[in-house]
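**Q** To start, I am sharing the structure in question, which I have written as structure tokens.
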Amino acid sequence: MLKILLTPMVGGLKYLVRRIKMFELDIDDEEIEAVTRVLRSGWIVYGPEVQAFEREFAEYIGVKHALAVTSGTVALYCALKALGIGPGDEVIVPDFTFIATATSVLCAGARPVFADIELKTYNIDPDDVLEKITNRTKAIIAVHLYGHPADMKALREICEDKNLVLIEDAAQAHGAKYCNSYVGSLGDAAAFSFYATKNVATGEGGMVTTNRDDVCEKVKLLRDHGQVRKYYHVELGWNFMMTSIQAAIGRVQLKKLEKNIEVRRKNAEFLRSEISKIKWIRPPIELSTCRHAYHLFTVWIDDSAPLSRDKLVEYMRSKGVEVAVHYPLPLHQQPLFKSMGYRECCPNATEASKHVMSIPIHQKLSREDLEYIVNILRDVDEGRF
Ligand SMILES: *Cc1c(COP(=O)(O)O)cnc(C)c1O
């Protein structure tokens, strides 16, 4: 009935009730069959399935070792510990990222020091990193935020010059490239996440990648009770082992990644070209040296917009478009860090937190979904809201 009523109006009716989610899983029969195969095999913990996932992941990234763990946060923690970071050390992290980038440093017993971001890419600013280096600094964590690679060349040079280790937080950047290399292969170690919303999703899960044999050996101990052979423990460790069930899902997800990135890139191209006609929105950029993986499509809403960022978020949600803010606070303003005595430090991060808005970009969006989103923004631009 409703359908019959609406059909003649479709052309003129932009706001047919739509529900556009921020993320949508790309899980189909292949993952279901892979999980069933593992369950029937009787081997659900770490074993050949996880090892196959590790091998395939390492091969895809172009790196010597990949070590599966329980989450991206744990992967960061393991990378830090394996590189010898601990009490008394400082680790420079961007002030604008998901909190795990910084809390993994705290969990390792070290102190995160926040560096500001470049507003061009929202990634850590190498010039500000230089300002934040002290004689306690041991490492830099470069986050490839939203799926766009950080300035790895500049960061690499700083690390070589100051004898620091470089860790990549690639939790949002599976498949992103920097100068033709996949991220995850560009530092001493890298951390990936397979949380449900990420571009490779296993529910929870993570991966450490590294070209360093010493880091690989150390992560193996850390994730398995410091065990070198059955019930023989040489050092303190945890249980961070991935299950075969997750690995089975991950292997299928990895096979789909390139195709899904291409769809996301097409969606991004469409949104970018449409949105660039609107003066108060700045779409994300892709530097010519990089391949953006478009985990998120995050735009800057200028102060000259007809609606403030927060009002626009509210309005888009009222139209059924699940927009989001990544992230509403710079890390130094999080209660956790304020309570630890952190003060104002990073003006660009603070500005970004007030102006950014992420628009759905996932691989399940139809052309009509994308047009629907653009039409809402165009209406706002023309005062129809
Ligand atoms: C998701 C994410 C993490 C943490 O990964 P989990 O698997 O959720 O623990 C770390 N850093 C960034 C930038 C992330 O987006």
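**Q** Of the listed pairs Lys198/Lys259; Lys177/Lys259; Lys259/Lys354; Lys120/Lys177, which have alpha-carbon separations greater than 22 Å here?
**A** Lys259/Lys354
**Q** Let me ask something else. Between Rg and the Kirkwood Rh of segment 164-318, both from Cα atoms, what is the Rg to Rh ratio?
**A** On the way: Rg = 20.0 Å, Rh = 18.4 Å.
Looking at segment 164-318, the ratio lands at 1.09.
**Q** If you filter segment 208-279 for trypsin sites (Lys or Arg not before Pro), then keep DSSP loop positions with at most 14 other Cβ within 10 Å, what is left?
**A** Lys230, Lys277, Lys279
**Q** Note down the net charge around Leu222, summing +1 for each Lys or Arg and -1 for each Asp or Glu among other residues with Cβ under 13 Å from its Cβ.
**A** Net charge around Leu222: 0.
**Q** Using the Cα atoms of segment 29-252, I'd like the radius of gyration and the largest Cα-Cα distance, Dmax, both in angstrom.
**A** 17.1, 56
**Q** In segment 237-344, if every C-alpha pair distance is counted and binned at 5 Å from zero, what percent goes to each bin?
**A** Taking every Cα pair in segment 237-344, the percentages come to 2, 9, 12, 14, 14, 14, 15, 11, 7, 2, 0.
**Q** Find out how many positive minus negative residues lie around Lys21, taking Lys and Arg as positive, Asp and Glu as negative, among other residues whose Cβ is under 12 Å from that of Lys21. Walk me through the numbers before you get to the answer.
**A** Working: positive: Arg18, Arg19, Arg317, Lys364; negative: Glu24, Glu322, Asp369.
For residues surrounding Lys21, the net value is +1.
**Q** For segment 29-252, what is the percent of antiparallel DSSP beta bridges, rounded to the nearest 5?
**A** Restricted to segment 29-252, the bridges split so that about 45 percent are antiparallel.
**Q** Extending each Cα 7 Å along its Cβ direction at Ala154 and Glu258, get the distance between those two points in nm, one decimal.
**A** For the pair Ala154/Glu258, the computed spacing is 3.2 nm.
**Q** Just the number, please: percent antiparallel of the DSSP beta bridges in the chain, rounded to the nearest 5.
**A** Percent antiparallel among DSSP bridges in the chain is about 55.
**Q** Right, here's the next one. Sort out for me the Cα centre separation of segment 283-344 from segment 196-243, rounded to whole Å.
**A** Here the two parts' Cα centres lie 32 Å apart.
**Q** To continue, here is another question. Evaluate Rg over Rh across the chain, taking Cα atoms for both radii and Kirkwood's formula for Rh.
**A** With Rh from the inverse mean 1/r over Cα pairs, Rg/Rh is 1.00.
**Q** Would you mind estimating how fast segment 331-383 diffuses translationally, via Stokes-Einstein at 25 °C and 0.890 mPa s with the Kirkwood radius over Cα pairs, in µm²/s?
**A** For the chosen part, D equals 172 µm²/s.
**Q** Let me understand segment 106-177 better: what is its radius of gyration from the alpha carbons, and its Dmax, in angstrom?
**A** Rg, Dmax (Cα atoms, Å): 12.0, 35.
**Q** Let me ask something additional. GNM on the chain, C-alpha springs below 10 Å: top fluctuator among Thr103, Thr209, Thr134?
**A** Thr134
**Q** Across bins of 5 angstrom width beginning at 0, how are the C-alpha pair distances of segment 125-238 distributed, in whole percent?
**A** Per 5 Å bin, starting at 0, the Cα pair percentages come out as 2, 11, 18, 19, 18, 15, 10, 5, 2, 0.
**Q** May I ask for the net charge around Val234, where only other residues with Cβ less than 15 Å from the Cβ of Val234 are counted and Lys, Arg are +1 while Asp, Glu are -1?
**A** Its environment carries a net charge of +2.
**Q** Which FRET efficiency, nearest 0.05, do Val17 and Arg40 yield, Cβ-Cβ r, R0 25 Å?
**A** 0.05
**Q** Using C-alpha positions alone, give me the convex hull volume of segment 48-174 per residue in cubic angstrom.
**A** 104
Bear in mind that the values in this text are calculations on the coordinates, not laboratory data. Please read these numbers as outputs of a predicted model, since none were measured by experiment. Neighbour counts run over all protein chains shown; Cβ positions are idealised from the backbone, glycine included.
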